[in-house]
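Chemist: Quick one: this structure, given as structure tokens, is what I'll be asking you about.
The values are calculated or read from the model by the stated rules, or taken from the named source; none is laboratory data. All of these numbers come straight from a predicted model, not from anything done at the bench. All Cβ positions, even for glycine, are placed from backbone atoms using ideal geometry, and neighbour counts span all protein chains on display. Quick note on the areas: whole protein, heavy atoms, side chains included, nothing else; ligands and nucleic acids left out. Shrake-Rupley method; radii C 1.70, N 1.55, O 1.52, S 1.80 Å.
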Amino acid sequence: FCFGKRKKESTMFYRLRLFLAFFIVVIWSGCDDNNDSPIPLYPVGLKLNLTSTYPTFKNSTNQFLLFEKRINVNDMIGYGGILVCTGVSLDDSGNTIYYAFDMACPNEVKRDVRVYPVKDGLGQVKCEKCGSVYNVGYGSGYPEPNSGPAAGPDVKKLRRYNTSISNDVLFIYR
């Protein structure tokens, strides 16, 4: 009599575990590593000292740093290099907002076709080949309307990377 009850309980726990495993897989598959960028996922890891190495970048707005090649052996610069920019405005506490994007143009999807800051543009970068202009100063990475092929019906945005700051060191990671 007792064995039948255990078998029923174990079947119930088996189904519960199976459901939980399925649920976790569904949730995990919904976690995209990034936006809607066609740029392939490559390793990203940069550490920038804002006090000693990049003092003018700290507490600034609309500034850019470009990393087309590794500086240190441990640097990982994504698919086409990393563009780091300060936002066009400060946060509510008066601190600089930092954004990082892959430099590869999402319309071209080639490592050597990159976006570069627009000289007098407010938080904008432009592809050197197709001419698409992207908004990075507010962190979106979306193309500006009517700015080239990337702004067409199949909108392609820049691949954005995570940033965090600790003790005046800016970390960029995927």
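Chemist: Of the residues V44, V109, V113, V88, which is closer than 29 Å to D154 by Cβ, touching a Cys at 6+ places or on another chain (Cβ under 6 Å) and among the hydrophobic types (A, V, I, L, M, F, W, C)?
Modeler: Only one candidate passes the filter, namely V113.
Chemist: Take I82 and decide whether it is among the aliphatic types (A, V, I, L, M), without any contact (Cβ under 8 Å) to a residue 40 or more places away in the chain and open to solvent by less than 60 Å² (accessible area, probe 1.4 Å).
Modeler: no
Chemist: Another question about this same structure. Which of (1) more than 16 Å from the chain's Cα centre (by Cα); (2) closer than 21 Å to S140 by Cβ; (3) not β-branched (V, I, T) is the odd one out, the single condition L65 does not satisfy?
Modeler: Of the numbered conditions (1) more than 16 Å from the chain's Cα centre (by Cα); (2) closer than 21 Å to S140 by Cβ; (3) not β-branched (V, I, T), the odd one out for L65 is (1).
Here is a yes/no grid of residues against (1) open to solvent by less than 20 Å² (accessible area, probe 1.4 Å); (2) more than 18 Å from the chain's Cα centre (by Cα):
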{"site": "N95", "(1), (2)": "no, yes"}
{"site": "F101", "(1), (2)": "yes, no"}
{"site": "C105", "(1), (2)": "yes, no"}
{"site": "R114", "(1), (2)": "no, no"}
{"site": "D120", "(1), (2)": "no, yes"}
{"site": "K126", "(1), (2)": "no, no"}
{"site": "N135", "(1), (2)": "no, no"}
{"site": "G148", "(1), (2)": "no, yes"}
{"site": "V155", "(1), (2)": "no, no"}
